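I have a structure here, written as C-alpha cells, and I will follow up with some questions on it.
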C-alpha cells in the first residue's frame, strides 16, 4: 500500500475531499473524524554516513498528518473506519500515503467480522514476538518512531467467535505483506552479499493457494489467560538466493513457506503478571535443514514477569530463546565464509518505566541483551505532555556487539537520538 | 522433527483443558435490591459497619451501572487537562466481586483505549488494557493500588474501593457538615496504604461519604475528598420505583501540591441488566455502540 511516487497534487486533492468531511463530521452524529500532526526526526550520533542516494546524518525526518474517520450505524452493529497518514519524507522530499487501517466491521450474534486493511497483535511478549506472525516495520522501531508504527496493516478478512467454552479468531490474508527491514540507503547493516549490486525480490503471488491463515483459540482457564495459535504462510523476513555462492552476480530475496504452532499463558502471580509463550516454527521449504538459503525449523519460547515497583513505577524482565532444529545439517550445508548462527540463541530484556507529575512525564528504559550473540540494544526515552493535545518524546537507540553480523551488533554505527512531537486534534 | 511432536502433544493437552475448564457459576444476586438506610432496629452501628455500609452505598449502588465520566485535572496555576470516559460496573455479589469497564473518549492519545478490572476484595484484582493502535490486550500488574488513576488525584483504590478489613475503624463523633448529619469515622491503615489515617464524614441517611481527609506518615493532612453533588437516580417504573442516592460530582484535592481533580458523572443509569459476558475481551475490542456513542 505504500506507494513512493505520489504527486503532491494528489495529496492536496485527497485532503480537499476530506476536509469538508471533517467539518461535516463534527455536526453529524454518525461520523467522527480526528487525528494528529506529528514530526519524527532521528539523527545518527556516530558521525558516519552510509553511502548511497539517501546519504544523510538522518535516519528519519518526516512530517505526518493522521486522519482517522469513523462512521457507524445506529440500527445494526456495523461501522467503517479509515486511518491514513499523509507523510512527507524530508530526506528525499517525497510524499506518501500510508493507509494504516481501512476496514468495515459487522457484528452479529457471537460473531465479529472485519474486512479490509487491519493491524493485529498476538502473543504476550514485550517487543519479543513468537506467535505474532503479522508484518512489522523494523525501520520504524530502530529509528525511534512511536511504537504503533512497529505494526503494519494487512489486507484480509478476520472472523472472531466468542463463547463461554472457547473464543476463536481467524485471519484470512490473501495479500502477502513482508516486514519492512532497514536498507543500506539509511542504515549501516550486515549484508552477506554486500558486493553484489544486482537484486531481485520474489514475493508470494496473491493466489488462493498462497493465502495466509492465522488461527487463535483462547479462553480463561481458572485465572490464566490461555491462547493456542496456528499459522500457515511465509517467513516475513526474506531469505537470500544468490545465482551462485562462489561468485554471485544476482541475489534474489524470497519468502520461504512457514507454519507456526504455539501457545501462550498469562496470569496475575507473585504480585505482578507472569507470562509464558512458546512456538514451533516449521520451515516447510527446508524440512531437513540442509538448504543454506532457507532458515531451519526452530522452537521459540519466552518467559516474562512484570510488576509494580513503587507508586507509578513498573519493572519488566523477559528471557527469550530460539533453538534451531537439525543444527548439524545446517552446519554441514553452510557455505564457507558466511557467518554461522548458534544452535541456541537467546535474549534477555529489562524494562523500567516511571511516571511523574500526574503522568505528564514518563521516563523509560528498555534494554535487550543477547548472551548468545553478546550484543545489545538500549532504548532510553523521556516523554512530556505539554497539554492534552501536545506531547513530545526524546529518546535514543544505542547498539553494540562483538560481531558485525548479529541482530543488534550489525547496527553499531547506527546509534541515534530521536525526537517525536505530536499534536492531537 | 522431535520438537514438533512435543509441540503437538502440548497443544493437544491445552486444547483438551479448554474443553474441560468450567467457568465458576456466579453467585445469585438478591432480586429487587433497595438502597440501605439507617439501621432500622435502632441499634448503634459499629465504626466498621458504618464503613462497610458506606462502601456499599458508594461503590455497590444497585446491581450494575453505566455513566459518562468527565474528569478535570487542575494544577495549582489553573491549567486543566480533561479525561472523558464511559464506565460500566457489574456487582457479582453485594460487597464482593465486581467488574469494571472503562472506555476512554478523550484525550486523543488514549482514545478508544479500554481498561477492564475484575475486582476481588480478598485478592489481587485482574486488570487488562486494550491498546487500539496495535489491537492488543495486555494484562497489567495490579499491585499498584496507590498509583494515580490516569494522572488524577484519585488512586486506583479510590476508583474501585479499598478492602474494609485493611483498616481499623473508630467512630469519633457524630456531627453536621455541609448541611448533612454525619458519622465521623477514623480509619487507620493496617497494611501498606497511600495514607496512614483517613477521617470520613459519612451521611447518616444515605451512608455516602460527604468528606474524607487523608493524613500522611507525618500526620499531616495531604488529600481531601468532597462529595459536591448528590442526586437520586431513579430505577424501575410505577410502584417499583427506587431512588439510588449517587454522588454525581466529587473532588479530590491534594493540599500539599495544590493539584485537584474534579469528577462529574453524567447520565448515570442503574440496573441495565449487564451480564458477565459484557466484561470480556470481546467487549474491550468491540464495545457495543450503545455503550460508547
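The values are calculated or read from the model by the stated rules, or taken from the named source; none is laboratory data. Everything numeric here is computed off the predicted structure, so don't read it as measured data. Because the Cβ atoms are built from the backbone with ideal geometry, glycine has one as well, and the counts that use them run over all protein chains shown.
For region A:209-261, which positions are within 9 Å of chain B (Cβ to nearest Cβ), surrounded by fewer than 20 Cβ atoms within 10 Å (Cβ to Cβ) and within 23 Å of the chain's Cα centre (by Cα)?
A:230
Tell me the residue from A:127, A:142, A:115, A:170 that is more than 9 Å from chain B (Cβ to nearest Cβ), surrounded by fewer than 20 Cβ atoms within 10 Å (Cβ to Cβ), under 23 Å from residue A:187 (Cα atoms) and at pLDDT 95 or above, please.
From the options A:127, A:142, A:115, A:170, the qualifying one is A:127.
Right, here's the next one. Please work out if residue A:49 is outside any strand (DSSP E or B) and without any contact (Cβ under 8 Å) to a residue 60 or more places away in the chain.
For residue A:49, the condition - outside any strand (DSSP E or B) and without any contact (Cβ under 8 Å) to a residue 60 or more places away in the chain - is met.
In addition: I'm told residue B:133 meets every condition in (1) without any contact (Cβ under 8 Å) to a residue 24 or more places away in the chain; (2) surrounded by 21 or more Cβ atoms within 10 Å (Cβ to Cβ) except one. Can you identify the failing condition by its number?
Evaluating residue B:133 over (1) without any contact (Cβ under 8 Å) to a residue 24 or more places away in the chain; (2) surrounded by 21 or more Cβ atoms within 10 Å (Cβ to Cβ) leaves (2) as the failure.
Can I ask one more? I'm trying to understand the selection: among the residues of region A:260-285, which are out of contact with any helix residue (DSSP H, G or I) (no Cβ under 8 Å at 6 or more places or on another chain) and closer than 30 Å to residue A:337 by Cα?
Answer for region A:260-285, where residues must be out of contact with any helix residue (DSSP H, G or I) (no Cβ under 8 Å at 6 or more places or on another chain) and closer than 30 Å to residue A:337 by Cα: A:281, A:283, A:284, A:285.
Additional query: I want to confirm something. Restricting to region B:273-285 and keeping residues that are part of a loop (DSSP other than H, G, I, E, B) and surrounded by 18 or more Cβ atoms within 10 Å (Cβ to Cβ), which single residue is farthest from the other protein chains (Cβ to nearest Cβ)? Can you show your working first?
Looking only at region B:273-285, we keep the residues that are part of a loop (DSSP other than H, G, I, E, B), and these are B:273-275, B:279-280.
So of that shortlist, the ones also surrounded by 18 or more Cβ atoms within 10 Å (Cβ to Cβ) come out as B:274, B:279-280.
Details: B:274: 16, B:279: 12, B:280: 7 Å.
The selected residue is B:274.
Right, here's the next one. Quick check: is even one residue across region A:290-301 at the interface with chain B (Cβ under 10 Å from one of its Cβ atoms) and under 27 Å from residue A:242 (Cβ atoms)? Don't jump to the end; show me each part of the working.
As a first pass, look at region A:290-301 and keep what is at the interface with chain B (Cβ under 10 Å from one of its Cβ atoms): A:297-299.
From the residues that got through so far, the ones that are under 27 Å from residue A:242 (Cβ atoms) too are A:297-298.
Within region A:290-301 (the criterion being at the interface with chain B (Cβ under 10 Å from one of its Cβ atoms) and under 27 Å from residue A:242 (Cβ atoms)), the answer is yes, since at least one residue qualifies.
Within region B:93-108, which residues are modelled with pLDDT under 95 and away from chain A (no Cβ under 14 Å)?
Answer for region B:93-108, where residues must be modelled with pLDDT under 95 and away from chain A (no Cβ under 14 Å): B:93, B:94, B:95, B:96.
Give the residue, chosen from A:157, A:175, that is at pLDDT 95 or above, farther than 17 Å from residue A:234 by Cα, in contact with a strand residue (DSSP E or B) (Cβ under 9 Å, 6 or more places away or on another chain) and surrounded by fewer than 21 Cβ atoms within 10 Å (Cβ to Cβ).
A:157
Restricting to region A:341-383, name every residue that is closer than 19 Å to residue B:147 by Cα, surrounded by 15 or more Cβ atoms within 10 Å (Cβ to Cβ) and within 14 Å of chain B (Cβ to nearest Cβ).
A:351, A:352, A:353, A:354, A:355, A:358, A:359, A:360, A:362, A:383
Another question, then. Could you tell me which of the residues A:396, A:321, A:313, A:372 is out of contact with any helix residue (DSSP H, G or I) (no Cβ under 9 Å at 6 or more places or on another chain) and at pLDDT below 95?
Result of the check over A:396, A:321, A:313, A:372: A:313.
Looking at residue A:237 and the list (1) modelled with pLDDT under 95; (2) out of contact with any strand residue (DSSP E or B) (no Cβ under 9 Å at 6 or more places or on another chain), which single condition is not satisfied?
Tallying (1) modelled with pLDDT under 95; (2) out of contact with any strand residue (DSSP E or B) (no Cβ under 9 Å at 6 or more places or on another chain), residue A:237 fails exactly one: (1).
Restricted to region A:72-98, and to residues that are in a strand (DSSP E or B) and over 26 Å from residue A:43 (Cα atoms), which residue is nearest to the chain's Cα centre (by Cα)?
A:83
Give, as residue ranges, the strands (runs of 3 or more DSSP E) completely inside region B:139-256 that count at least 1 residues that are within 20 Å of the chain's Cα centre (by Cα), closer than 20 Å to residue A:359 by Cα and within 14 Å of another protein chain (Cβ to nearest Cβ).
Hits in region B:139-256: B:221-235, B:242-254.
Can you work out which of the residues in region A:278-289 that are over 19 Å from residue A:130 (Cβ atoms) and surrounded by fewer than 20 Cβ atoms within 10 Å (Cβ to Cβ) is farthest from the other protein chains (Cβ to nearest Cβ)? Lay out the reasoning, then the answer.
Taking region A:278-289 as the starting set, the residues that turn out to be over 19 Å from residue A:130 (Cβ atoms) are A:285-289.
Applying the additional criterion that residues be surrounded by fewer than 20 Cβ atoms within 10 Å (Cβ to Cβ) yields A:285, A:287-288.
Values: A:285: 15, A:287: 8, A:288: 9 Å.
Of everything passing the filter in region A:278-289, A:285 is farthest from the other protein chains (Cβ to nearest Cβ).
Here's something else I'd like to know. Does residue A:35 fit the bill of being modelled with pLDDT of 90 or more and within 21 Å of residue A:96 (Cβ to Cβ)?
Judged against the criteria, residue A:35 is a match.
Kindly indicate the residue of region A:56-76 that is loosely packed, with under 15 Cβ neighbours inside 10 Å and touching a residue at least 40 places away in the same chain (Cβ under 8 Å) and also farthest from residue A:144 (Cα to Cα) among those meeting that condition.
Here the answer is A:74.
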